[in-house]
Amino acid sequence: MQYIIMLLIVIGLALSDIVTGWIKAHVNNDYCSAVMRMGGLRKLGEITVMLTACGLEVGMEQLGKYYESTELAAFAGTITAVSVFFYIVIMELISILENYAEANPNAKFAKNIIKKLRKFSNDGKGKGDE
């Protein structure tokens with residue numbers, strides 16, 4: 001049951017990101033089918049990775065029964081599924097926040113959060129810093 005809940009959360013966040021992206025595109029009058037297509041494919045990829053992580057957890061638990069180490073196998077699978085889940089959730093929340101900030105010029109709190117997050121990115125550059 002926990003896998004269904006994790007998948008529903010990931011799917012819900014992906015849909016929210018798509019909707020906020022559409023709102024941002026409408027507000028900025030910046031529709032681009034290539035960007036929407038790539039975004040949709042990325043969302044499909046995220047859902048596929050989450051499904052794979054959940055399937056891996058179930059598979060490892062079942063495999064552990066054959067080697068009499070059910071707890072260890074279940075633990076390893078759970079760590080994998082939960083790690084992937086939290087990574088995708090954080091990534092989607094940041095994307096939703098970015099879309100909101102670009103669609104609403106009065107969202108100063110969102111812009112401040114995004115600036116702080118970009119400051120800690122791998123290369124030190126955000127989308128608009130190039």
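The values are calculated or read from the model by the stated rules, or taken from the named source; none is laboratory data. Keep in mind that what you see is a predicted model, and the values were worked out from it rather than measured. In this analysis, Cβ positions are derived from the backbone assuming ideal geometry, glycine residues included, and neighbour counts consider all displayed protein chains.
For I90, state whether it is crowded, with 17+ Cβ neighbours inside 10 Å, part of a helix (DSSP H, G or I), under 17 Å from the mean Cα position of the chain (by Cα) and not basic (K, R). Criteria not met by I90.
When G77, G39 are checked against the criterion of being closer than 17 Å to I18 by Cα and assigned to a helix (DSSP H, G or I), G39 stands alone in meeting it.
Yes or no: I96 surrounded by 11 or more Cβ atoms within 10 Å (Cβ to Cβ), modelled with pLDDT under 90 and not charged (D, E, K, R)? Answer is no for this residue. Cβ separations smaller than 8 Å between residues 6+ apart or across chains give the following pairs from region 20-37 residues that are in contact (Cβ under 8 Å) with a residue 40 or more places away in the chain to residues that are of a type in the set (V, I, T): T20/I96.
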